[in-house]
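S.K.: So that we are looking at the same thing, I have put the structure below in structure tokens.
The values are calculated or read from the model by the stated rules, or taken from the named source; none is laboratory data. Small disclaimer: the values here were computed from a predicted structure and weren't measured. In this analysis, Cβ positions are derived from the backbone assuming ideal geometry, glycine residues included, and neighbour counts consider all displayed protein chains. Just so you know, the surface numbers come from the protein's heavy atoms only, side chains and all, with ligands and any DNA or RNA stripped out. Shrake-Rupley method; radii C 1.70, N 1.55, O 1.52, S 1.80 Å.
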Amino acid sequence: MSLSDTDTKADIHSDTPIGPASFREALGHFAFGITIITTHQVDDEPIGFTCQSFYSVSMNPPMVSFSVEASSFSYSKIRQAERFAVNILSSEQNHVSNQFAMRGADKWQGIDWQISPPPSETR
């Protein structure tokens, strides 16, 4: 799943194979910042949360890590998901970060998002 606000359109397919060099180049542009971790669950329920702790773990194989509070609603849903997306926000998307950090609210209100195709469709 990828998300964007009305100013930015993202189309990230987390299932697309990526080589170590491309992975290094992509993450080399992300020294620090805010991300939104998203997934799409059963019953068409989108899940997402603001994540301040995201970093690369390994270049070969390409691996990342992120931290989430174990008691959060999103944590159990993300763990159950078969895949997830990391959406790197620009400095102009502070309102998106704030919106996805809220509990008990419709995080997706006003957010333009789309489901990434299944792995078989991205290769």
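S.K.: Could you give every pair whose Cβ atoms fall below 8 Å, whose first residue belongs to segment 17-46 and is at pLDDT below 75, and whose second residue is β-branched (Val, Ile, Thr), counting only separations of at least 6 or pairs across chains?
M.R.: As it stands, the answer is Gln41/Ile47, since those pairs meet every condition given.
S.K.: Also, quick follow-up: Tally up the residues in segment 54-66 that are more than 12 Å from the chain's Cα centre (by Cα) and surrounded by fewer than 16 Cβ atoms within 10 Å (Cβ to Cβ), please.
M.R.: Number of matching residues: 8.
S.K.: Which one of the conditions (1) open to solvent by less than 40 Å² (accessible area, probe 1.4 Å); (2) assigned to a loop (DSSP other than H, G, I, E, B) does Gln109 fail to meet, given that it meets all the rest?
M.R.: With respect to (1) open to solvent by less than 40 Å² (accessible area, probe 1.4 Å); (2) assigned to a loop (DSSP other than H, G, I, E, B), Gln109 is out only on (1).
S.K.: Pull out all pairs, ordered by first then second residue, where Cβ-Cβ is under 9 Å, the residues are six or more apart or on different chains, the first lies in segment 89-102 and is under 11 Å from Thr35 (Cα atoms), and the second is part of a helix (DSSP H, G or I) and β-branched (Val, Ile, Thr).
M.R.: Leu89/Val96
S.K.: If you don't mind, there's one more thing I want to ask. If I ask for residues that are open to solvent by less than 40 Å² (accessible area, probe 1.4 Å) and over 14 Å from the mean Cα position of the chain (by Cα), which ones from segment 69-92 would you list?
M.R.: Across segment 69-92, the qualifying residue is only Ser72.
S.K.: Please go through segment 22-53 and give me each residue that is surrounded by 11 or more Cβ atoms within 10 Å (Cβ to Cβ) and hydrophobic (A, V, I, L, M, F, W, C), ordered by number.
M.R.: Phe23, Ala26, Leu27, Phe30, Ile34, Ile36, Ile37, Ile47, Phe49, Cys51
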